[in-house]
Amino acid sequence: MLESMGLPLPAETLIISSALYCAATHRLDISWVAVAAIAGAIMGDNFGYLIGRRYGHRLLERHGGKVGLNDRRLILGRYLFRRHGGKVVFFGRFIAILRVFVALLAGANRMPWHTFLFFNALGGVGWAGGYALVTYYLGNEVLKLSGPVGIALGGIAVLVIGGSFLFLKKNEVRLTEEATRAAELEQKGKSKP
């Protein structure tokens with residue numbers, strides 16, 4: 001819950017280690033671990049959304065530059081949340097750094113709450129429940145993945161993450177220009193009586 005509110009804490013590690021503990025000792029019921037993880041994820045994101053809605057925009061304008069969020073990137077963020085907000089919330093759940101900030105950004109960008117709640121709940125069930133149950137059912141098999149298969153999967157993950165980063169960097173200028181034009185058209189529409 002705290003990670004979903006915007007604090008950079010190791011939630012994945014907690015879910016995975018709890019599920020492995022359940023599989024190894026059977027002292028905890030995996031269904032309750034999964035329910036707790038899902039509830040914490042969804043509740044934390046809703047608190048994060050409210051914090052972002054109340055304070056996020058001011059904080060981003062004032063301190064965003066310290067973490068690379070300049071004015072153009074803030075415009076790009078608003079544009080992406082308007083066009084793809086549900087996808088950003090859902091898939092952001094599965095990306096460690098984005099997971100910490102996605103609820104705050106959704107609130108700061110004034111994403112409609114009912115839309116946020118729907119995609120947040122889907123992402124919370126898929127992420128927290130998925131990690132808990134998959135880890136539990138793999139149990140001891142997880143340890144076997146640390147050999148050659150684990151190295152291969154790690155290599156594939158590095159390639160996918162690297163490719164995604166390069167794609168975003170390559171298209172950031174184009175997307176930012178598109179977002180700036182959309183923001184200018186929106187401002188012109190608001191200024192007309």
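Quick one: which of L104, L122 is out of contact with any Leu (no Cβ under 7 Å at 6 or more places or on another chain) and either modelled with pLDDT of 85 or more or closer than 17 Å to E172 by Cβ (or both)?
L122
Looking only at region 31-70, which residues are of a type in the set (A, V, I, L, M) and under 18 Å from the mean Cα position of the chain (by Cα)? It would help to see each step written out before you state the result.
From region 31-70, those of a type in the set (A, V, I, L, M) are 33-39, 41-43, 50-51, 59-60, 67, 69; that's our starting set.
A37, I38, A39, A41, I42, M43, L50, I51, L60, V67, L69 - these are the residues of region 31-70 that are of a type in the set (A, V, I, L, M) and under 18 Å from the mean Cα position of the chain (by Cα).
Please specify each residue of region 136-172 satisfying the condition of being at pLDDT 70 or above, surrounded by 11 or more Cβ atoms within 10 Å (Cβ to Cβ) and either outside the structural domain of G77 (by TED's automatic domain parsing) or in contact with a Gly (Cβ under 6 Å, 6 or more places away or on another chain) (or both).
A152, I161, S164, N171, E172
Identify all residues within region 60-81 that are free of Cβ contacts under 8 Å to residues at least 60 places away in the same chain, under 15 Å from L175 (Cα atoms) and surrounded by fewer than 17 Cβ atoms within 10 Å (Cβ to Cβ); write none if there are none.
N70, D71
The values are calculated or read from the model by the stated rules, or taken from the named source; none is laboratory data. Remember, it's a predicted structure, so these values are computed and weren't measured experimentally. Quick reminder, even Gly has a Cβ in these numbers, built from the backbone with ideal geometry, and neighbours come from all protein chains shown.
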